[in-house]
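Pasting a structure here, questions to come.
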Amino acid sequence: MQTNNDIYKEIRPYNDDEVSGAIKRLVNDKEFISAILNYRFPQLSGAFGWLLTPLIKFFLIRKWSNVKTVDDVQRQVAKYMRATIDHSCDGVSHSGLDKLDPNQSYLFVSNHRDIAMDPAMVNWCLYNNGFDTVRIAIGDNLLKKPCATEMMRLNKSFIVKRSAKAPREMMKALGLLSGYISHSLETGHSIWIAQKEGRAKDGNDKTDPAILKMFYMEGRKRKMEFGEFMSQLKIVPVAISYENDPCDIAKAKELYQKQTEGSYEKGEFEDIESIIQGIVGEKRRIHVSFGDVIQGGVDTPDSLAEEIDRQITANYRLFPANFIAAGIEDKSATEAEKARFEAKFADLPEGVVDILKQMYALPAKKKHHMA
């Protein structure tokens, strides 16, 4: 059903009536099929790729024949998530959901450590507790391939146009984004967005007030005060904690290169590699902490950013590695845990090790300082 509200057509996720078309385009996308081939059958994909391609297409058409709506897609994603959690985690726990209402829509502003797993973990906790899944903000820098765009928009993702550079174009894109977020919340759809652009590779979770100013563009249009409009959005800070970050060494090496050489050139497929590593790599335990709805008391973007940061720091679940890295005594940090953490540093340059330790230490130091 197209509505007259389709001013958001370029950035919004697919509606139910667009699901079948998107799946059809995916099945006929050569790059998508060859990516599956390389991932599932790396030994055979070269010489026998031509033979396997029709088989994979046939398999996908059959597998997805009953996927007709956005909810059907979410059920499929939940199956994949269960398998991913079983293979790469030692359990997912959550807290704070009991304070939220499954019939309300919220704007979840979350710390950002992993490209795909952060919103997926929030969704996993919501889905298993009777809440609707969220619409996910995703940067267009991750959508360089048509098949990536199809998959993300099927999975309730909407597009943040980071590539817009000219001031007028940028303001237009941000205004549309702000309007879309408000429109979603007002029509009963919760939103997930990271507290800043890009992951906190150094372990320092900090909200960028520019994101909050973007939320307010719609409020300004409606001639509302900042604090009044923000209360209406029902912002809930979310702290996601991974006991082990599968991308930690890659992040530390990148930061070390920036430190020593002044810049870092990202490889063409680096974001995709980070996504895959984040999904399949070992994460051990994961905790998702939902904070309190921010209602009043924040009249500026800076004061709102401070409150989001305060809740994320307070609610972040610390694991033995955090205490060990920060040099803080804790009963959970046993000798076996110390040995396990130290094993990470084998064959790494000292500068990379320092950054790696700092990455795990920061959440504990910030929390300790707060207390």
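Rounded to the nearest angstrom and ordered from largest down, what semi-axes does the equivalent ellipsoid of segment 318-371 get from its C-alpha gyration tensor (root of 5λ)?
Numbers: eigenvalues 75, 43, 7 Å².
Square roots of five times the eigenvalues give 19, 15, 6 Å.
Next question. For Arg310 and Ala371 in one chain, what is 0.36 nm times their gap in residues minus the Cα-Cα distance, to one decimal in nm?
On the way: separation 61, 0.36 × 61 = 21.96 nm, distance 1.14 nm.
Extra length available between Arg310 and Ala371 comes to 20.8 nm.
Sort 282-289, 114-121 by the packing proxy (mean of other Cβ within 10 Å over each peptide's residues), most packed first.
On the way: 282-289: 20.2, 114-121: 23.5.
Ranking the peptides 282-289, 114-121 by packing returns 114-121, 282-289.
Over the chain, what is the relative contact order in whole percent, taking alpha-carbon pairs under 8 Å and six or more residues apart? The partial results should precede the final answer.
Details: 528 pairs, mean separation 76.4, N = 371.
About 21 percent, as a whole number.
Find the eigenvalues of the gyration tensor of the Cα atoms of segment 40-141, then list the square roots of 5 times those eigenvalues as equivalent ellipsoid semi-axes, largest first, in whole angstrom. Kindly include the intermediate steps, with their values, before the conclusion.
On the way: eigenvalues 211, 57, 38 Å².
For segment 40-141, the ellipsoid semi-axes come out as 32, 17, 14 Å.
Next question. Taking the Cα centre of each part, how many Å lie between segment 169-210 and segment 293-335?
21 Å
Once amide H atoms are built 1.01 Å from N in the peptide plane, which residues 5 or more positions from Ser190, or in another chain, come under 5 Å H to H?
Tyr106, Arg135
Just grab the label-to-label distance for Thr300 and Glu197, each label 7 Å out from Cα along the Cβ direction, in nm (one decimal).
The two pseudo-label positions are separated by 2.3 nm.
Going highest first, how would you order 236-249, 65-78 by mean Cβ packing within 10 Å? Kindly include the intermediate steps, with their values, before the conclusion.
On the way: 236-249: 22.7, 65-78: 15.3.
Averaged packing, sorted descending, gives the order 236-249, 65-78.
Tell me, what is the percent relative contact order of segment 318-371, built from C-alpha pairs under 8 Å that lie six or more residues apart? Each step should come with its number before you reach the end.
Numbers: 40 pairs, mean separation 27.5, N = 54.
Relative contact order for segment 318-371 comes out at 51 percent.
How much length, in nm to one decimal, is gained on full extension between Lys145 and Ala346, taken as 0.36 nm per residue of separation minus their Cα-Cα distance?
Roughly 68.7 nm would be gained on extension.
Under 16 Å from the Cα of Lys99, which aspartates and glutamates turn up, not counting those fewer than eight places away in the same chain?
Qualifying aspartates and glutamates at Cα under 16 Å: Asp132, Asp292.
Separate question: For segment 260-294, which chymotrypsin sites (Phe, Trp or Tyr not before Pro) pass both filters: DSSP loop (anything but H, G, I, E, B) and at most 16 other C-beta atoms within 10 Å?
On the way: sites: Tyr264, Phe269, Phe290; in loops: Tyr264, Phe269.
Hits after loop and neighbour filter: Tyr264, Phe269.
I'd like the per residue volume of the convex hull spanned by the Cα atoms of the chain, given in cubic angstrom.
Working: hull volume 60.7 nm³, N = 371.
Looking at the chain, the number lands at 164 Å³ per residue.
While we're here: Which of the lysines could a cross-linker bridge to Lys68, judged by Cα under 18 Å and excluding same-chain residues fewer than eight apart?
Filter leaves Lys24, Lys57, Lys79, Lys156.
Counting Lys and Arg as +1 and Asp and Glu as -1, what is the net charge of the other residues whose Cβ lies under 10 Å from the Cβ of Pro13?
On the way: positive: Arg12, Arg135, Arg153, Lys156; negative: Glu18.
Summing Lys/Arg as +1 and Asp/Glu as -1 gives +3.
On a full-extension model of 0.36 nm per residue, what is the gain between Leu60 and Lys172, subtracting their alpha-carbon distance, rounded to one decimal in nm? Mind dumping the intermediate values first?
Values: separation 112, 0.36 × 112 = 40.32 nm, distance 3.85 nm.
Between Leu60 and Lys172, full extension yields 36.5 nm more.
If you don't mind, there's one more thing I want to ask. Listed highest first by mean packing, meaning other Cβ atoms within 10 Å per residue, what order do 22-29, 163-170 come in? Present the calculation step by step, with values, prior to reporting the outcome.
Values: 22-29: 15.8, 163-170: 10.9.
Ranked from most to least packed, the peptides come out as 22-29, 163-170.
Non-local amide H neighbours of Ile235 (under 5 Å, H modeled in plane, Pro and chain starts lacking H): which ones?
Counting only residues 5 or more places away or on other chains, the set is Leu107, Ile294.
Right, something else. Using helices alone, what [θ] at 222 nm do you get for the chain, with -39,500 (n - 2.57) per DSSP H run of 4 or more residues, divided over all residues and rounded to the nearest 500? It would help to have the intermediate numbers written out before the result.
Numbers: 15 runs with 194 residues, N = 371.
Roughly -16500 deg cm²/dmol at 222 nm, from the helical runs in the chain.
No lab work stands behind these numbers, since they all come straight from the coordinates. Predicted, not measured: the structure shown is a model, and the values here were computed from it. All Cβ positions, even for glycine, are placed from backbone atoms using ideal geometry, and neighbour counts span all protein chains on display.
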